[in-house]
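> Mind having a look at this structure? Questions to follow.
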Amino acid sequence: MKAPLRPLIALTAFALTAASAALLPVAGTAQSAATGWTDKVSQSDVGGHVRGNTAAPQKIIEYMSYTCPHCAAFEQESNPALADGFIATGKTSLEVRNFIRDPVDLTVALLARCGEPRSFFRRHKGLLASQKTWLGKAGSMGREGQAAWYQGDTNARLQRIASDLGLYDELRRHAPLATDAQINACLANKTEQNKVLAMTKFATDTVKVQGTPSFTLGGKLLANVYDWKSLEPLLASR
């Protein structure tokens, strides 16, 4: 059993205030009824991204961190079985919510949300697939190299992290038309910043999530379930 990862770095230096209109759409774009449930993506009231039938009787919520190796492993191990075997039936939906652990996590979470909600899971999957690369860069910088991440205003810090870790080019692999200016606008989007931090607070204070990834099924937090191997039997039995 893999132990869950707990938050590593306090985000007090990244405290964010409420701000004006979002730069990204809040609601998911409706898609053709001819497409399967796997292709249906919408946003929940709290800003999580839902894949599948929003009226599915079996609703999974995943609380995840982009700097959590177990979260990257879950994404890889659960597909295509989760998408094709459960979500495609219309009986199961998956909602991805953020559980921010550190400033790098916040940066990547904002990049994953940078674009239309309907293409979120493409960015989500791509950024997790390259996690070892950009996390490796972060580790190789050491404390001295990372010191600049804590200087200046929030927007400057997030941009510096994205630049140092090669995340501008990484995002463009999954959103080819994104320019630096558009990416900077996503990082500076206070509404989106507040959403991901609010999801984290809700997960900690209300759901009592202690590590990532964690899952709720039917609104109940699943104990000792941190990977696909543990989650799949619970779905198959329903």
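The values are calculated or read from the model by the stated rules, or taken from the named source; none is laboratory data. These numbers come from a predicted model, not from an experiment. Because the Cβ atoms are built from the backbone with ideal geometry, glycine has one as well, and the counts that use them run over all protein chains shown.
> Might you let me know whether segment 178-187 holds any residue that is closer than 28 Å to GLN76 by Cα and either among the basic types (Lys, Arg) or under 16 Å from the mean Cα position of the chain (by Cα) (or both)?
Yes, because at least one residue in segment 178-187 is closer than 28 Å to GLN76 by Cα and either among the basic types (Lys, Arg) or under 16 Å from the mean Cα position of the chain (by Cα) (or both).
> Can you find a residue that is in a helix (DSSP H, G or I), under 14 Å from the mean Cα position of the chain (by Cα) and at pLDDT 95 or above anywhere in segment 130-151?
yes
> If you don't mind, another one. Might you let me know whether segment 219-229 holds any residue that is among the hydroxyl-bearing types (Ser, Thr, Tyr), touching a Ser or Thr at 6+ places or on another chain (Cβ under 9 Å) and within 20 Å of PRO80 (Cα to Cα)?
yes
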